[in-house]
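Asks: Encoded as structure tokens, here's the structure I'll be asking about.
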Amino acid sequence: MLRLPFVILTVCLSFSAWAELTEREGLVTAGGQPLVLLGSGVEVGQPAPEFKVVDSKFAPILLSDYQGKTVLLSVVPSIDTGVCSLQTKRFNSEVAKLPADVILITLSTDLPFAQKRFCEVENVDKMPVLSDAVWRNFGEQYGLLIKDRGLLARAILIIDKDGKLQYQELVKEVSEHPDYDAALAMVKKLHQD
């Protein structure tokens, strides 16, 4: 009998791969307990790094898909929790008040199935809700991935039409709301210049 060699090769991003990422401590807490963020982060005024996330059908979405537009990224740990739900619904309600070349996006590491269900139940239908669950690329690129949790820290980021980060709010306690008014004021300011 002829025996053929059988080889299985599995390639995946493991938690040990995260060990190579920069660790930032003391920037955010959960219930008052400090968390560690993975990734070096981006400073206001710097070019916004490209990232790859997925939509509700697992189709890849890149930041560059929105080139030439102002992008407000509403980053939440888990869309189906109290503050995250309110944050997502608040920005969804603001979309109609903004110029057509402003894109509001909610990002979390929830699976697209859960995001889709949430959006249907809560009538979130005016903005994309995207997932960083597949590659964790956004969280790593922007320094918002919470170590050992697989969640993103709560943040608001605004990228101008030229691709530069113009606003960043990293919410100190993940269970607290961001400053909605300040973020929306920045979007309006960018469109006055």
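Laboratory data are not the source of any read-out in this text; all were calculated from the coordinates shown. Keep in mind that what you see is a predicted model, and the values were worked out from it rather than measured. Don't worry about glycine lacking a Cβ; one is built from the backbone with ideal geometry, like all the others, and counts go over all protein chains shown.
Asks: Once phi is turned into θ = phi - 60°, what whole-Hz ³J(HN,Hα) does the Karplus curve with 6.51, -1.76 and 1.60 give for every residue of region 72-78, x standing for Gly and Pro?
Replies: 9, 9, 9, 9, 10, x, 8
Asks: Something else about it: Where both partners of a DSSP beta bridge lie in region 48-147, what percent of those bridges are antiparallel, to the nearest 5?
Replies: Numbers: 4 of 13 bridges.
DSSP beta bridges in region 48-147 are roughly 30 percent antiparallel.
Asks: Counting every Cα pair in the chain, what percent are over 30 Å apart?
Replies: Details: 3490 of 18528 pairs.
Counting every Cα pair in the chain, those more than 30 Å apart make up 19 percent.
Asks: Between helix 82-94 and the chain, what is the angle of the helix's C-alpha long axis to the longest principal axis, kept within 0 to 90° and rounded to the nearest 10?
Replies: Around 50 degrees separate the two axes.
Asks: Only bridges whose two residues both fall in the chain count here: according to DSSP, what percent of them are antiparallel, nearest 5? If you can, show how the numbers build up before the last one.
Replies: Values: 25 of 35 bridges.
In the chain, DSSP labels about 70 percent of beta bridges as antiparallel.
Asks: Next question, about the same structure. Order of 54-63, 104-113 by packing, highest average Cβ count within 10 Å first?
Replies: 104-113, 54-63
Asks: With Cβ to Cβ distances under 13 Å as the rule, what net charge do the other residues near Gly45 carry (K, R +1; D, E -1)?
Replies: Working: positive: Lys164; negative: Glu43, Asp160, Asp162.
So the surrounding residues net to -2.
Asks: Rank by packing, highest mean first: peptides 134-144, 85-95, with packing defined as the count of other Cβ atoms within 10 Å averaged across residues. Numbers along the way, then the final one.
Replies: On the way: 134-144: 22.5, 85-95: 17.9.
The packing order, highest mean first, is 134-144, 85-95.
Asks: Near Asn92, within a Cβ-to-Cβ distance under 12 Å, what is the net charge of the other residues, with Lys and Arg +1 and Asp and Glu -1?
Replies: On the way: positive: Lys89, Arg90, Lys97, Lys126; negative: Glu94, Glu122, Asp125.
Here the count lands on +1.
Asks: I'd like the FRET efficiency for Asp179 and Asn123, computed as 1/(1 + (r/R0)^6) with the beta carbon distance as r and R0 of 25 Å, rounded to 0.05. Each step should come with its number before you reach the end.
Replies: Details: r = 24 Å, r/R0 = 0.98.
It comes out at approximately 0.55.
Asks: So, one more: Return one number: the angle in degrees, 0 to 90 and rounded to the nearest 10, between the long axis of the Cα atoms of helix 180-190 and the longest principal axis of the Cα atoms of the chain.
Replies: Value to nearest ten degrees: 80.
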